[in-house]
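Worksheet for the structure shown next.
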Amino acid sequence: MTLETEVQSLRQVPMFREVDPARLKLLAFTSERVHFADGQRFFDRGDAADAAYLILEGEAAVTLEGPQGPIRLALLGANALVGEMGILADQPRSATVTAVVPTTALRIDRRVFLELLSQFPQIAIAVMRELAHRLELTNQQLAQMRTG
Amino acid sequence: MSGGAQAAGRTDGGAAQRAGGAQSAARGRTAGREIADPRAGNDPEAADASGGLDRSLFRYIWRHSKRDQILICCVVLASLPLYFASLDLPRRIVNEAIQGHAFEKGNTTAKFLVLRLQMPDWFGHDVSLFDGFDVDRFELLFGLSSMFLLLVLINGAFKYWINVAKGALGERMLRRLRFQLFSLIMRFSPDALRQTKASEVATIIRDEVEPIGGFIGDAYILPAFLGTQAATAMTFILLQNVWLGLLAAGVVGVQFVVIPRLRRELLRLGRQRQLASRRLAGRVGEVVDGIAAVHSNGAEAWERAEIGHRLGGLFDLRLRIYRRKFMVKFLNNLLAQMTPFLFYCIGGYFALKGQLSIGQLVAVIAAYRDLPPPLKELIDWDQQRLDVQVKYEQVLQQFLPERLIGLDAPGRDDSLCGRLAAEGVGVQEPHGPVLAGVSLSLDLPARVAIVSDGGPAASTFARVLARRAVPTSGRITIEDRDLAEWSGAALTRRIAFAGVDPILFPGSLRDNILYGLNRRPPDSAVVDAKALAEAHRTGNPVEPFPADWTDYAQAGVADAGALDALILDWLARIGMGEEVYRFGLLGQVDPDRHPDLAARLIEARIAFRERLAAEGHAHLVEPFDPTRYNRQATVAENLLFGVPTTTALTGRALVEHPVVRLVLDRSGLADDLVTMGERIAATMLEIFRGLPSGHPLFEQFSFLAADELPEYEAILARRTATEASAERHGGGALNRIRRRWIGLGRYGSADATRLIALPLAYIEPRHRLGLIDDAFRDRVVAARGELRAALDAAGMGGVDFYDPDQVCAAAPLRDNLLFGRINQSVADAVETVTATGTALVQEMRLAPAITRVGLDHQVGPEGRFLSSGQRAVVSLVRALIRRPDLLVLDGALSPMGENRARTVLGLLLERFGHENSLVVVLPNDRVSDRFELVLRAAGTQIHGPERPAASRAAPGGGEASPGETRAGAGVAAPAAAVSGRAGDETGPEPARVEQDVKA
């Protein structure tokens, strides 16, 4: 697997869909590819948010510690981006992410990511668009809950 | 000639011995006469320096080198008859052999080599030693010519010996002078130090005395040699023809009178230039020392302008010097050329008139040819003399006796225990009294706090106790004996002082900590006799160096190993053990110095691997295997399979190394690497375009620096164009020319080298450009062996190769333990491996040995590689390791940070007070109750001692004391403000008093 395949994966992420391939390549190049063994943690809830992860292969579970053991919130597969909200908001991790099978992910360092955002408005706009989109979805869900 | 040289060598050696003997005898006399210090007997410098430098340069030279000067002068005189003979021979060759005057009266033969001892008439007749050979005309010609050649050779041999002897003499005197100046610097008084700029003094010792040394060799000999030479030539001319001689003498006289006058102005300018350039050096030194302040104040432009102005001044001076100098030269040359003109003219006239033979004329002209160079050199010598004398006087100005403190006189060496009393101690600074009439007494050993009132008094009193400052009035006594009666050497051994600004020297941690123990000159068992004789002759120290000067007895240990353990114990107690351990992990293990550790590292290396495997983490580290490509290492590392020890094999320089390049070309790797480089360059150009240069991402990630992008773009363009063209038109020679003609075919080996440089740092799993396949890996592993063989064959060394059974001395200890590369693409690999390694080190008890390696850590210039807290610890341990009778701390703990300072103070209080005393300057009363005795500074007074009652430690007592100190602060504040501005090494600064122990 090379940089090219990682760029392909990044393109699948809605946030990066519109971004110039050369910039995605820079993003991929400045990121690290890391392997997680089955059951190895990406990060724990409460950790400092130092990186976002793009899952290239494998699956990871998002969990919260409940009174009767962990509660699984979601299962993330290939091309899923996780932890990006934490690095943007500079807040501790809100949940724990664990690999459930041997997993390969692209580790996007927070500092590098913010550097790219400040350098290339195109990426910043893409991120803003995605965040606005998410906000709109949340608003819609909220409205549905109120009416429903 | 060789015989002459040998004889000269013998004479020289004999002279050396004689001079050495005389020197030591003289030393004994001087020592006996001038000072009673027994140490002066084996320290000739002390004897010399006590008298200072002579006011006159010539007296200085004569005092220290008369023996050599006279010897050389004698040799010069001995060479003169032969020189005269070599002048006379041309006349004989022309007159007797060529023109045949010797055969005039029908003789077919003439006598050759008649040796006759000429005697004064009243003594009788000449004594004939040898009647000579009978030779014909040709034989006479060849005989005389051969003799001429022989004389030339002998004269050359004389000149050679004289020059070497002169050079050695000058260099010896220079060595003596430099050493003497350096010794005098050590004796600079505090006042002198305040006015001295380090870089200016360094310039004096290095540059300014250099011409003096050059001149010393010539000081007496050159005028003797050249003067007699010129006089010989002149006498010769006079003997041939009085008129021609007088003519030459007249021109010479003019040269001697006029030229020096013109040169006087030159000297004045030269002096100005010397001062200006010395100030320039001082100024540059100041700027470099204070570069941080320059940057933070944005004063770069101002500093640049200032230096530019100085350089302009220097240029101006030099230009004026040149103008005058070359004018003088022109005049000199003119005068020198005038004489031959007159000789041809007038000498020719005499010859035509028959009053002068042609042979005489030729000889006169030949002799005259030899006259101007000595004369010119004599005039030069005279100028140099004036110049150097001025320089010497200027150097002397810096080392006047009033700027020096006295030599250390022998004195008491009693333990500093018992009743210590201050009797009316006062310290006067230029701006007013700092201490006035301080009288107190206390019993040592004790733990004493001096609580500052914010003024400089507490600090100054601490310095007086530590003998860092000498009271201007009153005295300090121990058991009623004045501290001044102790010898300086004893006091520096018995008292240790640590201030707020630790002074560290470049070297290892150990070197710095042991600095205070470097006081026992080793027994000179093995001595280089020649070096020793030279040292004697030049008044330099005769103690062996480099050697182990450590005084183990003073530290109370038997050997270096025990001393290391002691240092490590102190460091651990103070809390720097962990840091030194980390230095050790990054340090290098020299198998020769640490054979035990080296062996255990190999053992640990194997255990490490096994342990990782047992924990299921074997995949986290890819070990170095001579037969396999290490995927986690760079291409260059895989190629070298070792750690480069020269810069020629480090980084990109590798590709330019001829042996490496040869192996790359031979193995075909060069082509692979060019292709890889091309792809890397293309990718970098693609993804980093648009980032501003200097962006942090470049430095962190790119294979190319920002300013290299255009260059590589051009290389790629050239390569593409060349390839396309080659494809279209074929690669024939004609086409290469055609391409060059249209400016295309310039992609060449230089470009290829630039491309090969890129993939050297490439690691496939990290960079993921998909450039490396198994075939490439195999080729690299194959080339690895070839490269090693080639480098070994070249015999250049430069690589410390990895060997599973050996310690790689050039690699950090940590890498030797790991002996592989951590797989960075596994999450948390570094943490896991580090944890395993730490556990292993604990288990194998390697930590002490590793920490010991940490003592080799280099502290950098002024200790800049250490944090200020670490510097303070080094300075403190340096004081502790000496086991002083009295340890005085003034702000030494404050850089360590509050917690560590509290721990260290506790440690010191626990260790001191039984046999040794501790005196600490405290900024306030917060911890003073932990001491036995408390002194209080108030204005220019020190009150006390008082015993802090246990009740005083209560919060109430603690609150009362700041009020007290504040009352005193009002008095001392102005003095403090002024002394702070003085900013000198010895003067007290408020900052030092500020915070010693914040706890």
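The values are calculated or read from the model by the stated rules, or taken from the named source; none is laboratory data. This structure is a prediction, so every number in the text was calculated from the model and none was measured. Cβ placement follows ideal geometry from the backbone for every residue including glycine, while neighbour counts extend to all protein chains displayed.
A few comments on the model shown:
- Helices (runs of 4 or more DSSP H) contained entirely in the range B:643-703, each with at least 2 residues that are closer than 30 Å to B:Arg814 by Cα and within 14 Å of chain A (Cβ to nearest Cβ): B:696-701
- So B:Val438, is it of a type in the set (A, V, I, L, M, F, W, C), at pLDDT below 90, farther than 30 Å from B:Asp548 by Cα and under 41 Å from the mean Cα position of the chain (by Cα): no
- All of (1) over 27 Å from the mean Cα position of the chain (by Cα); (2) among the hydrophobic types (A, V, I, L, M, F, W, C); (3) outside any loop (DSSP other than H, G, I, E, B) hold for B:Ala469 with one exception: (3).
- Residues (within 13 Å of A:Thr96 (Cβ to Cβ) and not in a strand (DSSP E or B)) located in the range A:26-42: A:Gly39, A:Gln40
- Condition check for A:Ala60: within 19 Å of A:Thr98 (Cβ to Cβ), among the small types (Gly, Ala, Ser) and surrounded by 14 or more Cβ atoms within 10 Å (Cβ to Cβ): yes
- Pairs, first within 14 Å of another protein chain (Cβ to nearest Cβ) in the range B:828-846, second β-branched (Val, Ile, Thr), C-beta under 7 Å, six or more apart: B:Ala829/B:Ile822; B:Val830/B:Ile822
- For the range B:329-341, the criterion of a residue being aliphatic (A, V, I, L, M), in the same structural domain as B:Thr232 (by TED's automatic domain parsing), surrounded by 15 or more Cβ atoms within 10 Å (Cβ to Cβ) and more than 30 Å from B:Arg273 (Cβ to Cβ) is satisfied by no position.
- Members of the range B:846-894 that are in contact with a Gly (Cβ under 9 Å, 6 or more places away or on another chain), not in a loop (DSSP other than H, G, I, E, B) and not hydrophobic (A, V, I, L, M, F, W, C): B:Thr851, B:Arg852, B:Gly854, B:Gln858, B:Gly869, B:Gln870, B:Arg871, B:Ser875, B:Arg878
- Condition met for B:Arg206 (within 17 Å of B:Gln398 (Cβ to Cβ), exposed (fewer than 15 other Cβ atoms within 10 Å of the Cβ) and modelled with pLDDT under 90): yes
- Put simply, of A:Arg45, A:Arg72 the only residue that is more than 13 Å from chain B (Cβ to nearest Cβ) and assigned to a strand (DSSP E or B) is A:Arg72.
- One residue from A:Leu24, A:Leu116 being surrounded by 17 or more Cβ atoms within 10 Å (Cβ to Cβ), under 18 Å from A:Glu4 (Cβ atoms) and either at the interface with chain B (Cβ under 10 Å from one of its Cβ atoms) or in contact with a His (Cβ under 9 Å, 6 or more places away or on another chain) (or both): A:Leu24
- The single residue among A:Phe36, A:Phe16 that is more than 12 Å from chain B (Cβ to nearest Cβ) and of a type in the set (Phe, Trp, Tyr) turns out to be A:Phe16.
- Count of the range B:232-275 residues which are under 42 Å from the mean Cα position of the chain (by Cα) and more than 29 Å from B:Pro211 (Cβ to Cβ): 0
- Scanning the range B:266-285 for any residue that is over 30 Å from B:Leu396 (Cα atoms) and either buried (at least 16 other Cβ atoms within 10 Å of the Cβ) or in the same structural domain as B:Gln255 (by TED's automatic domain parsing) (or both) turns up nothing.
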